[in-house]
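In what follows, a single structure is set out as structure tokens and then discussed.
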Amino acid sequence: KSGFIFDKSVCDGFKIKGLGFRKKSGIRTVGNTRAIEFKAEFWGPTWSVEVEECHFSTFNKVFHVNSTIDYCLAFVKFYNNSFSQNDECIYYDYATDNDRCVSWGFEFVGNRAHDNSRVIYVLCAKELALIVNNNFEGSIPREDGTFAPYSVDLELDNASCQFYGNHFEAAQIDAVYITSLRKDRFGNYKPTNNTTSLANFHKVELMGNNL
């Protein structure tokens with residue numbers, strides 16, 4: 001026999017493959033609709049989390065990380081998915097301890113994003129942020145009329161980034177922002193103790209992108 005077992009440990013990882021997600025009405029509205037809402041029940045990170053060959057459209061937030069602790073995810077992988085007409089696609093919110101939710105390792109590879117407000121808003125602490133061979137085409141205002149500042153918005157500390165072969169076209173906002181500082185709830189970017197914040201040896205590799 002087999003089944004799903006969740007024992008509040010690092011082994012509670014999950015994989016979603018080959019599903020289509022769309023808001024019931026098929027129309028974006030101002031609100032809090034989510035396709036996948038992640039709330040950890042474990043005091044440490046859940047690994048791995050994999051989303052592959054899915055389609056998401058008309059959500060306020062597609063993958064919303066909103067946990068009680070900040071270090072709640074590790075080895076997060078999005079491969080060969082499609083995103084269209086969403087306000088936010090991958091969105092890491094703030095934990096109840098007021099720190100931003102973090103990912104230990106993040107891979108976003110071979111995805112197609114067309115006419116979304118923002119595709120990636122992630123804080124990656126440790127390991128590699130791998131963003132390769134994606135389409136980031138078009139941009140639209142959020143349903144409330146506001147614009148996200150960037151299509152890809154990354155905060156890195158104790159982490160490196162490889163940003164290869166991505167395509168940007170017909171955007172109304174800036175393409176990419178990468179910083180070693182964490183943004184607090186009030187929008188201020190601040191260094192974090194005992195990390196590589198403010199260091200001059202971050203490794204960010206950009207190659208073969210069409211901007």
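The values are calculated or read from the model by the stated rules, or taken from the named source; none is laboratory data. Small disclaimer: the values here were computed from a predicted structure and weren't measured. Here the Cβ is made from the backbone with ideal geometry for all residues, glycine too, and neighbour counts use every protein chain on show. Heads up: the accessible areas ignore ligands, DNA and RNA and are worked out on the full protein's heavy atoms, side chains in. Shrake-Rupley method; radii C 1.70, N 1.55, O 1.52, S 1.80 Å.
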Probe 1.4 Å, accessible area per residue of the chain, Å²:
49 Å²
For Ile173, Ile90, give the ranking by accessible area with the largest first, probe 1.4 Å.
Ile173, Ile90
Rounded to the nearest 10 Å², what accessible area does Tyr177 show when all protein chains are kept and the probe is 1.4 Å?
70 Å²
Among the trypsin sites (Lys or Arg not before Pro) in segment 101-189, which ones are in a DSSP loop with at most 15 other Cβ atoms within 10 Å of the Cβ? Mind listing them?
Arg185
Run the 1.4 Å probe and let me know the accessible area of His202, rounded to the nearest 10 Å².
60 Å²
Out of Phe14, Phe147, Phe42, a Gaussian network model of the chain with alpha-carbon springs under 10 Å gives the largest mean-square fluctuation to Phe14
What is the extension gain from Val10 to Asn188, computed as 0.36 nm multiplied by their sequence separation minus the C-alpha to C-alpha distance, in nm to one decimal?
60.9 nm
DSSP beta bridges in segment 77-211: the antiparallel percent, rounded to 5, is 5 percent
With the cut-off at 1.5 for a/c, could you classify the chain from its C-alpha gyration tensor as rounded, prolate or oblate?
rounded
Restricting to Cα pairs under 8 Å and 6 or more apart, the percent relative contact order of the chain works out to 14 percent
Once you sort the root eigenvalues of the Cα gyration tensor of segment 99-189 as a ≥ b ≥ c, which label holds: rounded (a/c under 1.5), prolate (a/b larger than b/c) or oblate (the other case)?
oblate
Find how much the distance from Ala199 to Thr146 grows on full extension, using 0.36 nm per residue of separation minus their present alpha carbon separation; answer in nm with one decimal.
15.8 nm
Which pairs break 28 Å Cα to Cα here: Lys23/Lys183; Lys8/Lys61; Lys77/Lys203; Lys17/Lys183; Lys15/Lys126; Lys8/Lys203?
Lys23/Lys183; Lys17/Lys183; Lys8/Lys203
Which one of Leu154, Leu198, Leu130 has the biggest mean-square fluctuation once the chain is modelled by GNM with Cα springs under 10 Å?
Leu198
For the chain, with all protein chains present and a 1.4 Å probe, just round the carbon and sulfur fraction of the accessible area to a whole percent.
52 percent
